[in-house]
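Everything on this sheet refers to the single structure shown next.
The values are calculated or read from the model by the stated rules, or taken from the named source; none is laboratory data. Keep in mind that what you see is a predicted model, and the values were worked out from it rather than measured. Note that each Cβ is placed from the backbone with ideal geometry, even for glycine, and that neighbours are counted across all protein chains shown.
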Amino acid sequence: MTTLHELLTSRCAAAMLAAGAPADCPALLQTASRPEYGDYQANGIMAAAKRLKLNPRELAQKVVDALDLKDIADEVSIAGPGFINIRLSPAFLAKQTELAFTDTKLGVPMPAQQKVMVEYSSPNLAKEMHVGHLRSTIIGDALARIMQFLGHEVITQNHVGDWGTQFGMLIAHFLEVRNSGSAEFALTDLEAFYREAKKRFDAEPEFANLSRDYVVRLQGGDTEVLALWQQFLAISMEHCDAVYRKLGVLLDRDSVRGESAYNDDLPKVVADLATLGMLQESEGAQCVFLDEFKNKEGAPLPLIVQKSDGGYLYASTDLAAIRYRTRSLQLDRVLYVVDVRQGLHFQQVFGAAKKAGFAPAAMSLEHIAFGTMLGEDGKPFKTRSGDLVKLVELLEEAENRAFEVVSQKNPDLDESRRREIAHTVGIAAVKYADLSKNRTGDYVFSWDTMLALDGNTAPYLQYAHARICSILRKAEVDFSNASVALADPAERNLALELARFGEVVHGVGREAMPHLLAAYLYGLSGQFMRFYEACPVLKAEPAISASRLKLSALTAKILAAGLNMLGIEAPESM
Ligand code: ARG
């Protein structure tokens, strides 16, 4: 099976070849820029004609003559300098609807299966998770679900920061507080505790030395210090789990493989780089210099893998992680869902890993970058008092605000049901607001926008889905075996949108861009609304009603599947 786009591309490519176009000139198939032009257009003729020094319209005519789309299109025409416009036939689209309706994958063809790791969330465990990790968690989880839907073998990975100086600091502070007899002392507020320790670390040289001492003992495997370290990890991980539970993400304890897991390999990474002749000493540190990376003045940029005091760094751990992912997991693709500001780090690490042979050339290492979450004032998102926002509190606020919205819309529902829906809607709103934007940019976090009942929001899509489900519940005819007929333009347009689902999901998987799926779902529900206004569904004669119910049912299935791929629930009633 192929996507609609692939099917049309292969037919156009065959016709271009038959018309004498060079084999390496692509058909460049796109969805039409305007409905008057048809549904798809092939834009590759002009470039082919240029190569052949032919009049593009003449070549286009030859391609159209050779183009076999009898079973697919009812109109093929040439426009402008040599575009080929294609309008799909209602009969073909009707068939696609029927096929997709019975297909468990809703008409999405399965690509060749790959083994894909999605590394996401990855907070630093000494502190609490902050909004940067919220974006990583939401985007990464959507990507993991999209890859799963596409039939790939997916490994989720939480590369937590569980090692380093900050733990020496926490341990030193903890022991002093405990020894000073505050028996009541409990680590409920890890963030505040971290801040106190950091303040002392910066202000008291003696405390700083003590902290470093603990780091050395930790690295040396001192059992008492290790036990304390583990205690901090456990508390911190519980905070993370609370956020993951609220968000309903796929991450669990099996996904966790923190930086500390790579400790043993760090000296070997550095030794192997040395053997390969890839290391250079610079200001006492061991560095890898790659030709591609220079600063503005053209001076080479180092990737530091070992400090002058012998300590290892973030980059050394990432190189070791790549070795592990290559040797133990044999992945085809690794997606690193991390803040865009770490772009240079990843380009350098990926470059060094490939050059050193730590990862095979065919293994695709991709930095899935995202921008900063901003408050409505356009500045990085903070609480009114300027503190970092606690994620659990943010998600609770989302639920409370959604409760207001749900109660206004449906005051008669009993409270417990409204609370349930509010949880679903509130979390969905936070996720969707993020996922519906191109991840590479910054985005403004706005409660009012994300909870609006119309526009490109989660509540809008969830209600649109529930409304279709309620129409289906009222159906009196059995439409499961009904044939689909597309007489009205609104029916045809809806069927066309439904048939595009496959190519959209493929594109989203390839480019790791969830907002393309969100935009598609929003467009689809708009197309459904126009159809529903133009075409009576329940009050039509039985055969027509059955056909329209099938279109409606497929719309609901695709909306639910699409929302689920974004990590969003789609209740059947709300
Ligand atoms: N812990 C890091 C941070 O909070 C993110 C880790 C990203 N993943 C990686 N393989 N380096 O910034």
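Quick notes on this structure:
- Listed by first and then second residue, the pairs with beta-carbon distance under 7 Å, at least 6 apart or on different chains, first residue in the stretch 472-485 and assigned by TED's automatic domain parsing to the domain that holds residue 536, second among the basic types (Lys, Arg) and not in a loop (DSSP other than H, G, I, E, B), are 479/550; 482/550; 484/550.
- Only residues that are of a type in the set (Gly, Ala, Ser), within 14 Å of the ligand (Cβ to nearest atom) and in contact (Cβ under 8 Å) with a residue 40 or more places away in the chain were counted in the stretch 355-369, giving 1.
- Single residue of the stretch 111-122 satisfying the filter (within 19 Å of the chain's Cα centre (by Cα) and more than 15 Å from the ligand (Cβ to nearest atom)) that is nearest to residue 561 (Cα to Cα): 111
- Residue ranges of strands (runs of 3 or more DSSP E) in the stretch 1-118 with at least 3 members surrounded by fewer than 19 Cβ atoms within 10 Å (Cβ to Cβ): 73-79
- Among the conditions (1) more than 14 Å from the ligand (Cβ to nearest atom); (2) touching a residue at least 24 places away in the same chain (Cβ under 8 Å), residue 352 misses just one, which is (1).
- Scoring residue 236 on the criteria (1) within 16 Å of the ligand (Cβ to nearest atom); (2) in a loop (DSSP other than H, G, I, E, B) leaves a single failure, condition (2).
- Cβ-Cβ under 8 Å pairs, at least 6 apart or on other chains, the stretch 170-188 side surrounded by 14 or more Cβ atoms within 10 Å (Cβ to Cβ), far side acidic (Asp, Glu) and at pLDDT 80 or above: 172/213; 173/196
- Selection of the stretch 146-164 for residues being more than 11 Å from the ligand (Cβ to nearest atom), assigned to a loop (DSSP other than H, G, I, E, B) and either touching a Phe, Trp or Tyr at 6+ places or on another chain (Cβ under 8 Å) or closer than 16 Å to residue 335 by Cβ (or both) yields 150, 152.
- Filter pass, residue 125 being in contact with a Leu (Cβ under 7 Å, 6 or more places away or on another chain) and either closer than 24 Å to residue 314 by Cβ or away from the ligand (no atom under 15 Å from the Cβ) (or both): yes
- Residue within the stretch 316-333 that is assigned to a strand (DSSP E or B), surrounded by 16 or more Cβ atoms within 10 Å (Cβ to Cβ) and under 24 Å from the mean Cα position of the chain (by Cα) present: yes
- If you check 561, 512 for being at positive phi and either at pLDDT 95 or above or surrounded by fewer than 24 Cβ atoms within 10 Å (Cβ to Cβ) (or both), only one passes: 512.
Conditions (1) in contact with an Asp or Glu (Cβ under 8 Å, 6 or more places away or on another chain); (2) under 18 Å from residue 433 (Cβ atoms); (3) surrounded by 15 or more Cβ atoms within 10 Å (Cβ to Cβ); (4) at pLDDT 95 or above, marked per residue:
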| site | (1), (2), (3), (4) |
| --- | --- |
| 349 | yes, no, yes, yes |
| 354 | no, no, yes, yes |
| 359 | no, no, yes, yes |
| 364 | yes, no, no, yes |
| 372 | yes, yes, yes, no |
| 375 | no, yes, yes, no |
| 378 | no, yes, no, no |
| 387 | no, no, no, no |
| 391 | yes, yes, yes, no |
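- Filtering 19, 27 for residues that are aliphatic (A, V, I, L, M) and over 18 Å from residue 503 (Cα atoms) leaves a single hit, 19.
- Conditions (1) touching a strand residue (DSSP E or B) at 6+ places or on another chain (Cβ under 7 Å); (2) more than 9 Å from the ligand (Cβ to nearest atom); number of the one not met by residue 138: (1)
- Check on residue 143, closer than 30 Å to residue 47 by Cβ, surrounded by 21 or more Cβ atoms within 10 Å (Cβ to Cβ) and away from the ligand (no atom under 14 Å from the Cβ): no
- Only one of the numbered conditions (1) surrounded by fewer than 17 Cβ atoms within 10 Å (Cβ to Cβ); (2) away from the ligand (no atom under 16 Å from the Cβ) is not met by residue 290, and that is (1).
- Residues in the stretch 316-333 that are within 13 Å of the ligand (Cβ to nearest atom), over 25 Å from residue 511 (Cα atoms) and free of Cβ contacts under 8 Å to residues at least 40 places away in the same chain: none.
- Here is the figure for the stretch 442-500: residues that are of a type in the set (A, V, I, L, M, F, W, C) and part of a loop (DSSP other than H, G, I, E, B) total 11.
- Selection of the stretch 281-299 for residues being in contact (Cβ under 8 Å) with a residue 12 or more places away in the chain and assigned to a strand (DSSP E or B) yields 282, 285, 286, 287, 288, 289, 290, 292, 293.
- For the stretch 334-345, the criterion of being away from the ligand (no atom under 12 Å from the Cβ), over 17 Å from residue 286 (Cβ atoms), modelled with pLDDT of 95 or more and among the charged types (D, E, K, R) is met by none of the residues.
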